[in-house]
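For reference, the structure discussed in these notes is given below.
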Amino acid sequence: MDIWDDIKTEYITSGIGTRPLAEKYDVSYSTLRKRAEREKWAQDRTQFRAQRDADRVKAQCEIAYQEYKSLLEAAGLLSSKICSAVAQITDEDILKDKRGLRSLTGAMKDLADIQGVKSDADKREQEARIKNLERQAAPDAQPEPVRVIIAGADGFCSK
């Protein structure tokens, strides 16, 4: 491998500058700088770093996905055990062990949160918020007209 290949590779893959590289490899700084400009080493370095960062983000996302997947699998197993426990509860058990029942319902709520299960009321509230944000973000959004009625005025002053 040519010394220039070594220099270029080290420049692209590390944070070292051209002047320290020239000293390290005992080559003329101006020759190194001119060659780096001609061969566009700086663009190669930028591209290398961007790809390295993208690979790092991709790896972190994969790890987070696997952790989340494991959590959902564990939540599914726990959910089936809770369902089995609930199926075995009798009316008499409910009257005797209210604390145990609260524990089960609390666990069910926690599982619903983990699994992203939303109640109908939560879904409606979220949809209303989204619609409101869309209205506010619309470029030609006009405020809705306000109608003021004074009680007891019998049509005297209403807008």
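Criterion first (modelled with pLDDT under 80, open to solvent by less than 90 Å² (accessible area, probe 1.4 Å), more than 30 Å from T13 (Cβ to Cβ) and touching a helix residue (DSSP H, G or I) at 6+ places or on another chain (Cβ under 8 Å)) does A75 satisfy it? The answer is no for A75. Only residues that are surrounded by 13 or more Cβ atoms within 10 Å (Cβ to Cβ) and of a type in the set (D, E) were counted in segment 40-72, giving 1.
This table checks each residue for (1) touching a helix residue (DSSP H, G or I) at 6+ places or on another chain (Cβ under 8 Å); (2) among the β-branched types (V, I, T); (3) touching a residue at least 40 places away in the same chain (Cβ under 8 Å).
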| position | (1), (2), (3) |
| --- | --- |
| T13 | yes, yes, no |
| L21 | yes, no, no |
| D26 | no, no, no |
| W41 | yes, no, no |
| R49 | no, no, no |
| A59 | no, no, no |
| I63 | no, yes, no |
| Q88 | no, no, no |
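Of S80, S103, all but one fail to be modelled with pLDDT of 80 or more, surrounded by 12 or more Cβ atoms within 10 Å (Cβ to Cβ) and in a helix (DSSP H, G or I); the exception is S103. Scanning segment 90-116 for residues that are free of Cβ contacts under 8 Å to residues at least 40 places away in the same chain and in contact with a helix residue (DSSP H, G or I) (Cβ under 8 Å, 6 or more places away or on another chain) yields D93, I94, G100, L101, L104, A107, M108, L111.
The values are calculated or read from the model by the stated rules, or taken from the named source; none is laboratory data. Keep in mind the model is a prediction, meaning the values are calculated, not measured. Cβ: placed from backbone, ideal geometry, glycine included. Neighbour counts: every protein chain shown. Just so you know, the surface numbers come from the protein's heavy atoms only, side chains and all, with ligands and any DNA or RNA stripped out. Shrake-Rupley method; radii C 1.70, N 1.55, O 1.52, S 1.80 Å.
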